[in-house]
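Written out below as structure tokens is the structure these notes cover.
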Amino acid sequence: MTLETIVNELGLKCKCCWEKLGNEVDGGYAGDLLSDVMGNSKKGNVWVTRQVHLNIVAVASLKEHAGIIIVQGASPDKDTLEKAQKEGIPIIVSDLPEFELVGKIYHLMHFSR
């Protein structure tokens, strides 16, 4: 499944790197503790978080994530968007709470094929 499918099906908004919405999503990881995400997420994951600061881009780039989804209507910092654009990491936003969004993504990935 691609990021574009997730964005379109769930009505999410892409803030940068629209050209990368074709990235394949192999799974997902939800969490706000950067060390946990670095230790447990995998290449190709979409990362769901409430964090908005610059370091999320560094982690997503290091782990080769398909993209980052920021929840609860939070807006990424300007510096975060600039870094994401340079690194080619799509940043997507949702008004939904993390728990609800993760459930919808899981359902979409596993039951909508």
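The values are calculated or read from the model by the stated rules, or taken from the named source; none is laboratory data. Note that the structure is a prediction, hence the values are computed from the model and not measured. Backbone-built Cβ (ideal geometry, glycine too); neighbour counts: all protein chains shown. Quick note on the areas: whole protein, heavy atoms, side chains included, nothing else; ligands and nucleic acids left out. Shrake-Rupley method; radii C 1.70, N 1.55, O 1.52, S 1.80 Å.
Test Asn45 against the stated conditions and say whether it is modelled with pLDDT of 95 or more and either over 12 Å from the mean Cα position of the chain (by Cα) or of a type in the set (Val, Ile, Thr) (or both). Don't jump to the end; show me each part of the working.
Working: modelled with pLDDT of 95 or more: yes; either over 12 Å from the mean Cα position of the chain (by Cα) or of a type in the set (Val, Ile, Thr) (or both): no.
So Asn45 does not fit the description; no.
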For Ser35, state whether it is part of a loop (DSSP other than H, G, I, E, B), over 12 Å from Leu3 (Cβ atoms) and of a type in the set (Gly, Ala, Ser).
-> no
Exactly one of (1) within 26 Å of Phe111 (Cα to Cα); (2) open to solvent by 70 Å² or more (accessible area, probe 1.4 Å); (3) part of a helix (DSSP H, G or I) is unmet by Gln85. Its number?
-> (1)
With (1) assigned to a helix (DSSP H, G or I); (2) open to solvent by 80 Å² or more (accessible area, probe 1.4 Å); (3) touching a residue at least 12 places away in the same chain (Cβ under 8 Å); (4) polar (S, T, N, Q) as the list, and Ser61 as the residue in question, which single condition is left unmet?
-> (2)
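Name the one entry in Val25, Val52, Val7, Val71 that is more than 29 Å from Ser112 (Cα to Cα), hydrophobic (A, V, I, L, M, F, W, C) and either open to solvent by less than 10 Å² (accessible area, probe 1.4 Å) or touching a residue at least 12 places away in the same chain (Cβ under 8 Å) (or both).
On the way: Val25 fails: more than 29 Å from Ser112 (Cα to Cα); Val7 fails: more than 29 Å from Ser112 (Cα to Cα); Val71 fails: more than 29 Å from Ser112 (Cα to Cα).
Selected residue: Val52, the only one of Val25, Val52, Val7, Val71 that is more than 29 Å from Ser112 (Cα to Cα), hydrophobic (A, V, I, L, M, F, W, C) and either open to solvent by less than 10 Å² (accessible area, probe 1.4 Å) or touching a residue at least 12 places away in the same chain (Cβ under 8 Å) (or both).
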